[in-house]
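**Student:** Before I ask anything, let me first share the structure, which is written out below as structure tokens.
The values are calculated or read from the model by the stated rules, or taken from the named source; none is laboratory data. Every value quoted in this text rests on a predicted model; they were computed, and no experiment measured them. Here the Cβ positions follow ideal geometry from the backbone for every residue, glycine too, while neighbour counts run over all protein chains shown.
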Amino acid sequence: MGVMGKGCLRRGLSFWLVLLFSVFIVQASGKAQAANSANIVLPEGWTVQDGFDKSLSRSAGSGGNWIARYLRSPSGDPVFLQILPLEEAGPLFIPPVSDLRTDGLLGMGATYTVVDEGSFRAVLEIHPYLGTTATAPLPGGNTLVLESKTLKPESLLELCLFLAGSENGGTENAASLP
């Protein structure tokens with residue numbers, strides 16, 4: 001191949017690399033816009049790592065979105081936040097308050113309890129292998145699910161109470177979810 005052939009090859013390769021790189025930038029900015037679309041308020045010191053919004057409706061614009069975010073606590077513990085829309089997921093059923101329950105003989109050792117403090121109700125599940133999950137209804141009827149393998153159950157419940165109470169109006173010392 002002559003000198004001119006190598007130059008054309010380099011320019012062609014450079015063109016394709018720039019084109020490929022720009023496609024990744026456009027996709028990344030689309031994800032950033034999706035992460036900015038939820039209007040959620042976080043407690044001070046909490047950060048958002050990444051996330052996604054997914055339409056759960058077959059026809060565009062007629063249903064709710066599944067909102068998911070990866071959060072970090074002030075101590076660095078990861079938490080997976082999900083909001084499931086009432087229209088597609090249905091209302092959250094919370095059983096009556098009772099003592100600590102287990103997942104039974106066929107389960108894997110998980111325990112759960114119902115938390116009932118005034119207007120705040122949630123189900124707290126602690127699994128020895130998968131971590132802790134707090135699930136609560138939001139004021140608008142959507143369902144909030146928080147999961148963490150490392151955050152203490154009390155801290156996960158505090159976040160759950162904060163988010164369930166701040167969905168409609170926010171609280172002091174809070175930061176908006178990007």
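**Student:** Report those strands (runs of 3 or more DSSP E) wholly inside segment 94-147 carrying at least 1 residues which are of a type in the set (Ser, Thr, Tyr) and at pLDDT below 95.
**Tutor:** Details: elements: 111-117, 120-127, 131-137.
Qualifying strands (runs of 3 or more DSSP E): 111-117.
**Student:** Yes or no: residue 81 modelled with pLDDT of 85 or more, in contact with a Cys (Cβ under 8 Å, 6 or more places away or on another chain) and crowded, with 19+ Cβ neighbours inside 10 Å?
**Tutor:** Judged against the criteria, residue 81 is not a match.
**Student:** Need pairs with beta-carbon distance below 7 Å; first residue small (Gly, Ala, Ser) and within segment 137-160, second in a helix (DSSP H, G or I) and modelled with pLDDT of 95 or more; sequence gap 6+ or separate chains.
**Tutor:** Partner pairs satisfying both residue conditions: 148/156.
**Student:** Could you check, for segment 110-131, whether at least one of its residues is in contact with a His (Cβ under 7 Å, 6 or more places away or on another chain) and surrounded by fewer than 18 Cβ atoms within 10 Å (Cβ to Cβ)?
**Tutor:** Within segment 110-131, one or more residues are in contact with a His (Cβ under 7 Å, 6 or more places away or on another chain) and surrounded by fewer than 18 Cβ atoms within 10 Å (Cβ to Cβ).
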